[in-house]
Amino acid sequence: MSTHRDLLGVLVVFATLLCSPVLAQTEECGSFVRPGEVAGLLLLEDSGIYEGPETLALGNLDVPLTFHVVRRSDGTGGLAQSRLNQAVIDANIAFASAGIAFFQCGETRFIDSDAFYFDIDTTAETNALRSTNPVPNTINVYFSPNVPYCGISSFTTSSVQGIVMNNGCTATSSNHSTFPHEIGHYFNLYHTHETAFGTECTSGSNCGSAGDLVCDTPADPRLGSGNVSTQCFYTGGGTGPCGGDPGYSPDPLNFMSYSRSNCRVRFSTQQDNRARSTLVNLRPGLLSGCTPPNLVSIAPGSGFLRGGTAITLNGADFASNASVRFEGVTAEILQRIGSTSIVVATPPGASEGAVDVAVNQPSGSDVLAGAFTYTQNPVEISWTGSGVRGSNITIRVYGPANARVGLAVGAPGMIVKPCCTFCLDRPIDLAVRPSELMLGANGEAAVQWQVSGADFETKNIQGVVVVPGVGPVVTNCQSVTVFP
Ligand SMILES: [Zn+2]
């Protein structure tokens, strides 16, 4: 009896092993075409939506991504933001030829769950993860360290939408291709070795109705590390599946193949067009997705007309590619702090006074009218360039808008005049008189000087700005060492 029981137990265990959906090792990709999906996908094919002309003019289409990072239940672990940022860069490089750009919409969201962190091994669990707080009209991407595939995506016809990425296959030093590959599926690109629609002849005779249904990707017998060399050449040989077929000559560089991850660097032109058509025709909500920015306050509220003042903008829903403008002039971004703060350096102003500050991103813009005031520059001089003899340095003088300014370069010393005392003496190498030079509307003027003098000699630079209502004001003193 006990022997019977043991045998039964062994059989049950054996049967469980045979039927279990648990995969022993990580699969390249979970997004192949299931038999039940073929008919629906072929209907789309017949509808002609992948054939141009596209409904939007050529130009970059911006697509928002929502990132969901799975952590342990105690909030530890999870993919670092730097890797998420790299994933966006990888996707943007991959889809540049298709005219599609990606940005992270809103802050990274966290799912603190041991179950999703340690134990995703069935389709149902993958779909449960992909159904967790998705943001509409964005591509929702979920990152977990323990999933039985490098990535899985969804076609436009899939019942559950979204991408799950294995952390270990996301933007690593040797893998910048799995994330673009999964986005490719999201735009209805199939594996170059896909056989659900039929096996593609190497002659290309059935390229529109078999394989990946794309005709400028050659027939692919299914690539892998076993038939692609480390130099990314196909080494598998083999004859085509149809009568009179030439040998296989697949493209190991194509993103939608199973080639080595570091070899996959390109989409074909027809893949580009198909991805763009899918976006425009079948996923148009992505093009208006993501919440518009909400600009609440800026600090400090004033700075010099010359620009370069660090200003913090506070608010909500700033996208990772939001730009900031002062009266229409784009400011340099110094730092982004989540989706709630952006630190910028003010651009030079056109005139003193209050200007509008705006945040712009693909989902919209927000403006604070008259939020920043440009104030009169302090009287100041600076220079940039190299002190090597014979090269040109640029001397910049700052002060009130449209003020007259003079400056001189000479040996260190002292020149005393009725108005002012300078840190210069003779010989004078460069002299610009106030009658010859005026500051611009932004209170700045630039003068070039070709460096001259003996080896390691010091030259001093100083200016004087005629401030309206005040009179001549001498600038700070700057020194240049002459290098041979
Ligand atoms: Zn795939």
Amide H neighbours of Gly307 under 5 Å, counting only residues 5+ apart in sequence or on other chains, H built in-plane at 1.01 Å?
Gly349
Under the rule of at least 5 residues apart or a separate chain, name every residue whose amide H is placed under 5 Å from the amide H of Ser320.
Gln104, Gly106
Roughly what would the spin-label model give for Asn476 and Thr375, points 7 Å off Cα along C-beta, in nm?
1.7
Going residue by residue through the stretch 244-260, the Karplus relation 6.51 cos²θ - 1.76 cosθ + 1.60 with θ = phi - 60° gives ³J(HN,Hα) values, rounded to whole Hz and with x marking Gly or Pro, of x, 5, x, x, 5, 9, x, 9, x, 8, 6, 4, 8, 8, 9, 4, 4
Cα gyration tensor of the chain diagonalised, 5x eigenvalues square-rooted, in angstrom largest first, produces semi-axes 62, 26, 23
In nm, to one decimal, how far is the Thr122 label point from the Met438 one, both placed 7 Å along Cα→Cβ?
8.1
Would you mind working out the magnitude of the charge dipole of the chain relative to its Cα centre, with +1 at each Lys and Arg C-beta and -1 at each Asp and Glu C-beta, to the nearest 20 Debye?
1340
Whole-Å distance linking the alpha carbon centroid of the stretch 133-200 with that of the stretch 68-95 is 14
Provide, for q = 0.25 Å⁻¹, the log10 of I(q)/I(0) from a solvent-free Debye sum over equal Cα point scatterers in the stretch 410-484.
-1.31
Output ³J(HN,Hα) for the stretch 135-148: one whole-Hz value per residue in order, computed from phi by the Karplus curve 6.51 cos²θ - 1.76 cosθ + 1.60 with θ = phi - 60°, and x for Gly and Pro.
9, x, 6, 9, 7, 8, 10, 10, 10, 9, x, 10, 10, x
Take the Cα gyration tensor of the stretch 280-411, multiply each eigenvalue by 5, square-root it, and list the three semi-axes largest first, rounded to whole angstrom.
37, 18, 12
Return an integer: the convex hull volume of the alpha-carbon atoms of the stretch 145-188, in Å³ per residue.
59
Given backbone amide H placed at 1.01 Å from N, residues whose amide H is under 5 Å from that of Arg71, ignoring those fewer than 5 places away on the same chain, are Ile111, Asp112, Ser113
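Looking at the chain, what % of its DSSP beta bridges pair antiparallel, to the nearest 5?
Values: 70 of 95 bridges.
Antiparallel: roughly 75 percent of the beta bridges in the chain.
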Given R₀ = 51 Å, FRET efficiency for Ser351-Asp216 by Cβ-Cβ distance, to 0.05?
0.40
Once the dipole of the chain is set up from charges on Cβ (+1 Lys and Arg, -1 Asp and Glu), the residue from the list Pro293, Asn281, Asn146 lying farthest towards its positive end is Pro293
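Would you calculate the convex hull of the Cα atoms in the stretch 83-187 and tell me its volume per residue in Å³?
On the way: hull volume 10.6 nm³, N = 105.
Dividing the Cα hull volume of the stretch 83-187 by its residues yields 101 Å³.
FYI, it's all coordinate maths here, none of it is from the lab. Everything numeric in this text was worked out from a predicted model, so none of it was measured. All Cβ positions, glycine included, derive from the backbone under ideal geometry; neighbour counts span all protein chains shown.
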